[in-house]
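The values are calculated or read from the model by the stated rules, or taken from the named source; none is laboratory data. Since this is a predicted model, take the numbers as computed values, not measurements. Neighbour counts are summed over all protein chains in view; Cβ atoms, including those assigned to glycine, are modelled from backbone coordinates with ideal geometry.
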Amino acid sequence: MSRSNAKAPTTAGRVGQRPTRVLILNQYYVPDVASTGHLLHELAVELVKLGFEVEVLTGRPSYGPPDTWQDCPLRETADGVKIRRLKVARFDKNFLPGRVINYLTFVVPMILSMLFRSRRDTVYLYTTNPPFLGAIGAFVRLFREHHYVTLLHDAHPQLGVWVGTFKRGSLIERLWTWLNRRKYNRSRETIVLCKAAKKLVHETYEVPEDHIHVIPNWADGEDLSPMDKADSSVAREHGLVDDFVLLYSGNMGLYYEFETVLAAAELLRDEPFKLVLVGGGGKKKWIEDEIARRKLTNTVTLPYQPFEKLNESLNACDASLVTIAKGIEGISFPSKLYTSLAVGKPIVGLSESWSELREIVERNDCGIWCELGDAERLASKLRELIADPARVRRLGINARSTFERGYTRQICAAKYADVLRLADPAYSPEDRDALRARLERDLAAGAAVEVQSA
């Protein structure tokens, strides 16, 4: 990678003698069971290690079922991170009025806190949990100096249109888009999870491309690591040692497509192959009905495994399925890719042909890819893997190597640190220009590698 002569800031998170102050705003945070809360906890801890002063403003645990709600102090410092929790309502999220009340008891106190207590020397990181959270930053900027970065996990209102909650061009879609345009254009920087999301934000809200930064989610490469399938207690318990096992682990929701892999399993009915789907979600009942209808004796579903068994569960296979439904990439992106890479399993990717998921798999030679709907080709490629254990091992080694090069929490947190420094008002214009140039140069270098590998 070439380096320019521009000098970028070298002190991690510091301007002169002052550490960069960051306040992360998200409805959920550990010990809540929401995945975004755990990701942001890991990010906050890594930023502290990089020299940042980090605070989190969140709600008390309320995401999962009531038996997962742990008692937490409203104020505490843990792992060097200051945590302030709001007393949010905790009605059933499946009851729409209850969900609205939950949001209001979180958002209204947060608006008041930002209006009267936000500091000029702090960078505020707004997530999309709840979806309209970043609008608080845009509102506060009407009244006072407020430096914020927007982190886009799931894109709204696009997601609502995709699932059919409301129609494209409807009043709610137009109002939400109008609000987003102000949110993104008043934000110092924006962080997205994939290139399709960057394109969406740039084209929909007219945000300059150099103010939109692609930083993927990550996995814990210490808790998750490769192990032989035969050493997995989960594989032994469920009789998965002898056959070639393709494993899906996680939410079986609307964002993911399972028709193609179920049709491929039907084609592989009499071969040494098993499809194992671990988890739950809105499509699980449909999947179980399809298994019964197709009489797929080589396909089983399992419940979510205990967290302490996660590494053994993810290793209870020969390859890992990562799928994303048609039209969803850019609106969302499957984080299960990173856990699969972390355990060193070949990726079986199912997506549209232009997908970044395909790019990652093929560029790094860490698995196989097939287009959504092409079950015969998927079955053929799986047969090739079944017949070539040496190739499976090589693809798995490449998967872990891909993870270590780009998807550890340390690597991703360092990228977050660079973007947050860009938003820090204490950095000089010269330092910000140099840092932005470095980010653009690294992005261009990555794109060049993709072109050469195509």
Only one of (1) over 18 Å from the mean Cα position of the chain (by Cα); (2) outside any helix (DSSP H, G or I); (3) not polar (S, T, N, Q) is not met by residue 256, so which one is it? (1)
Is at least one residue of region 1-22 among the small types (Gly, Ala, Ser), at pLDDT 85 or above and in contact with a Ser or Thr (Cβ under 9 Å, 6 or more places away or on another chain)? no
Filter result (of a type outside the set (A, V, I, L, M, F, W, C) and either assigned to a loop (DSSP other than H, G, I, E, B) or not assigned by TED's automatic domain parsing to the domain that holds residue 186 (or both)) within region 200-228: 206, 208, 216, 217, 220, 221, 222, 223, 225, 226, 228
Of all residues making up region 282-306, the number that are surrounded by fewer than 16 Cβ atoms within 10 Å (Cβ to Cβ) and closer than 11 Å to residue 248 by Cβ: 0
Within region 276-334, the count of residues that are touching a helix residue (DSSP H, G or I) at 6+ places or on another chain (Cβ under 8 Å), free of Cβ contacts under 8 Å to residues at least 60 places away in the same chain and in a helix (DSSP H, G or I) comes to 4
Among helices (runs of 4 or more DSSP H) entirely within region 358-445, at least 2 residues that are in contact with a His (Cβ under 6 Å, 6 or more places away or on another chain) and not hydroxyl-bearing (Ser, Thr, Tyr) occur in 409-423
Considering only region 326-371, state which residues are surrounded by 23 or more Cβ atoms within 10 Å (Cβ to Cβ) and aromatic (Phe, Trp, Tyr). 333, 338
Hey, residue 40 in the same structural domain as residue 180 (by TED's automatic domain parsing), touching a residue at least 60 places away in the same chain (Cβ under 8 Å) and assigned to a helix (DSSP H, G or I) or not: yes
Scanning region 385-426 for residues that are within 28 Å of residue 211 (Cβ to Cβ) and in contact with a Pro (Cβ under 7 Å, 6 or more places away or on another chain) gives 407, 412, 421
